[in-house]
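Presented below is the structure to which this report refers.
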Amino acid sequence: MQIPEEVKDLISCLRSAGYSAYAVGGCVRDSLLGRTPGDWDLCTSALPEEMKTVFAGEHLVETGLRHGTLTVVRNHVPYEVTTYRIDGTYTDHRHPDSVSFVDRIDLDLSRRDFTINAMACDDLGRILDPFEGRADLGRRLIRCVGEPEQRFEEDALRILRALRFASVLDFEIEGETERAIRTLYPTLERVAAERIRTELMKLICGAGMGRILRGYPEVITFLIPCLKPAVGYDQQNPHHRYTVWEHTIRAMEGVPQDPALRMTMLLHDSGKPYVRTTDGQGIGHYAGHQAFSARMAAEVLEKLRFDRAQSERIVRLVEAHDIPLSTEKRLLLRRLNKYGEEDLRALFVIHCADRIATGTRNPEHARAHLEELNRALDSVLAERPCYTLKDLKINGRDLLDRGLRGREIGEMLEILLGRVMDGRIDNTREALLKEADRERGKET
């Protein structure tokens with residue numbers, strides 16, 4: 001196993017001072033999988049004050065000395081170094097009430113969540129693996145260290161982390177671990193919304209997302225209760241082959257592994273079971289489900305503590321997921337005006353994925369239409385068109401000079417912009433002012 005030189009040197013410094021030290025956890029797992037670790041964490045037999053002595057003169061951040069963690073910053077890269085420890089009881093089912101420092105790495109590894117995260121590596125690349133994590137990597141298996149129920153009772157977030165790792169790594173979940181998840185998932189109510197959000201976003205962007213959502217709908221709908229009616233919900237509509245839940249998953253699989261797009265598709269049809277009407281032939285109809293889904297999405301995102309900008313974007317995409325799209329220049333300009341280029345291209349992708357996920361549309365035709373939409377938009381944008389107020393060749397001051405006041409200035413600018421986008425007038429100062437005078441004359 002290859003270890004960065006800085007990590008080797010940190011381990012060497014500790015060993016030279018008489019302490020044992022290892023790289024530990026996710027960095028070992030990812031390295032063995034051929035992935036580039038996001039960061040490198042170390043653990044050592046040195047106590048916090050002893051670590052401070054070993055690294056005296058370096059840039060140190062006292063991250064959590066009470067729990068044995070010191071951060072050493074080298075070349076602007078932080079490395080967390082933590083004393084071997086075992087955890088006390090977990091009264092709040094999230095954080096240990098106390099920690100006890102120990103001098104054995106195997107004891108420290110025994111407190112960790114999953115076997116694939118309970119491996120350590122020395123500066124020579126030798127692996128310490130007391131719980132067969134390396135074998136579980138080979139088996140593509142998520143398995144708790146020790147008793148799964150105990151691990152999950154200690155920290156309920158581990159339930160969602162198990163699903164997240166299974167999704168991101170596209171691994172299976174070991175039988176006893178799976179049974180504990182299905183028994184204890186309601187304890188996730190004890191976990192802060194921000195932590196739920198972080199794990200959920202990683203889960204839905206994983207390669208195995210579809211398999212996890214199909215296999216554990218009770219967990220996902222516990223976190224997002226408004227989705228529960230979607231599971232097994234027969235749409236009874238000739239344009240939809242699948243239940244709302246299966247359609248939702250397929251739509252998610254059809255968009256890139258982008259958190260905003262995946263969350264949009266998770267929520268895009270959430271309102272369908274709530275607005276359904278049935279005609280005389282027994283066919284289900286879902287008028288208004290877009291707006292209803294958007295309102296539900298806003299509530300979900302607020303509960304999960306999404307930041308305002310991302311929440312507003314997802315809600316906007318949910319509400320617009322079913323809007324008519326065309327290669328017609330006039331309509332493209334109108335859509336650009338309302339959504340902007342980034343969101344409009346996102347809506348192209350959403351539209352394509354949504355159609356394919358019905359199970360009744362030809363996927364090749366849908367993908368060809370997506371390409372046509374993007375080419376048409378490229379062509380329109382190449383002309384540097386006018387589709388926002390700032391693109392107009394006049395502004396509010398020009399209309400103020402024409403005698404317009406207050407709200408009528410904004411209203412007039414919107415009228416002029418609409419006529420430019422529709423191709424009815426040219427975007428020149430002369431044409432715009434003439435049109436403004438003509439429009440004002442009509443009103444008087």
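What dipole magnitude, in Debye to the nearest 20, does the chain give about its Cα centre under +1 on Lys/Arg Cβ and -1 on Asp/Glu Cβ?
1460
Placing unit charges on each Cβ (+1 for Lys and Arg, -1 for Asp and Glu) gives the chain a dipole about its Cα centre, and among ALA56, LEU317, VAL7 the Cα reaching farthest toward its positive end belongs to LEU317.
Given +1 at the Cβ of Lys and Arg, -1 at the Cβ of Asp and Glu and no other charges, the dipole of segment 385-444 around its Cα centre is 100 debye to the nearest 20. Using a cutoff of 8 angstrom between alpha carbon atoms and counting only pairs six or more residues apart, the relative contact order for the chain works out to 8 percent.
Whole-percent P(r), segment 246-354, all Cα pairs, 10 Å bins from 0: 15, 43, 33, 9, 1.
Surface exposure of segment 301-384, expressed per residue as accessible area with a 1.4 Å probe, stands at 53 Å².
Let a ≥ b ≥ c be the square roots of the eigenvalues of the Cα gyration tensor of segment 1-52; is it rounded (a/c under 1.5), or, if not, prolate (a/b larger than b/c) or oblate? Prolate. Take every pair of alpha-carbon atoms less than 8 Å apart whose residues are at least six positions apart; their mean separation over the length of segment 73-224 yields a relative contact order of 19 percent.
Among the trypsin sites (Lys or Arg not before Pro) in segment 389-444, those located in a DSSP loop and surrounded by at most 12 other Cβ atoms within 10 Å of their own Cβ are ARG405, ARG424.
Ligands, DNA and RNA aside, PHE292 has an accessible area near 60 Å² when probed at 1.4 Å.
Pairs exceeding 26 Å between alpha-carbon atoms, taken from LYS329/LYS390; LYS202/LYS390; LYS202/LYS338; LYS272/LYS329; LYS329/LYS393: LYS202/LYS390; LYS202/LYS338; LYS272/LYS329. Between ALA56 and GLU372, full extension at 0.36 nm per residue minus the direct alpha carbon distance yields a gain of 107.6 nm.
Please report, as a whole percent, how much of the solvent-accessible surface of segment 234-317 comes from carbon and sulfur atoms (probe radius 1.4 Å). Its accessible area is 49 percent carbon and sulfur atoms.
Going through [x] 29.3; [y] 20.2; [z] 22.1, the figure that equals mean projected area of the Cα convex hull in nm² as computed for the structure here is [x]. Of the GluC sites (Glu not before Pro) found in segment 1-69, those in coil by DSSP whose Cβ has at most 13 other Cβ atoms within 10 Å are GLU58.
At an R0 of 45 angstrom, the distance between the Cβ atoms of SER100 and GLU312 translates into a FRET efficiency of 0.45. Could you tell me which residue out of THR198, TYR185, LEU163 lies farthest along the dipole of segment 160-269 toward its positive end? Charges go on the beta carbon: Lys and Arg +1, Asp and Glu -1, centred on the Cα centre. So the residue furthest toward the plus end is THR198. Take THR327: with every protein chain present and a 1.4 Å probe, its accessible area is about 70 Å². Annotation for THR36 and ARG407: the two label points, set 7 Å from Cα along the Cα-Cβ direction, are 5.5 nm apart. Extending 7 Å from Cα along the Cβ direction at LEU400 and again at GLN236 yields two label points whose distance is 6.0 nm. Over all pairs of different C-alpha atoms, segment 272-336 has a mean inverse distance whose reciprocal, the Kirkwood radius, equals 13.8 Å. Counting only lysines at least 8 places from LYS8 when in the same chain, those with an alpha carbon closer than 27 Å to its own are LYS52. Gain on full extension, evaluated as 0.36 nm per residue between HIS76 and LEU389 minus their Cα-Cα distance, stands at 108.3 nm. Accessible area of HIS365 (1.4 Å probe, protein heavy atoms only, ligands and nucleic acids ignored): about 130 Å². Counting 0.36 nm for each residue step from GLU149 to GLN257 and taking away their Cα separation leaves a gain of 35.7 nm. The residues of segment 20-132 expose on average 46 square angstrom of accessible surface per residue, using a 1.4 Å probe on protein heavy atoms.
As an exercise, find the ratio Rg/Rh for segment 129-258 from alpha-carbon atoms, using the Kirkwood inverse-distance average for Rh.
Ratio of gyration radius to Kirkwood radius for segment 129-258: 1.00.
Surface analysis of segment 170-244 yields an accessible area of 44 Å² per residue, using protein heavy atoms and a 1.4 Å probe.
The values are calculated or read from the model by the stated rules, or taken from the named source; none is laboratory data. Keep in mind that this is a model prediction, so the values were computed, not measured. Virtual Cβ from ideal backbone geometry, glycine too; neighbours counted across all protein chains shown. With ligands, DNA and RNA removed, areas are computed over all heavy atoms of the protein, side chains included. Shrake-Rupley method; radii C 1.70, N 1.55, O 1.52, S 1.80 Å.
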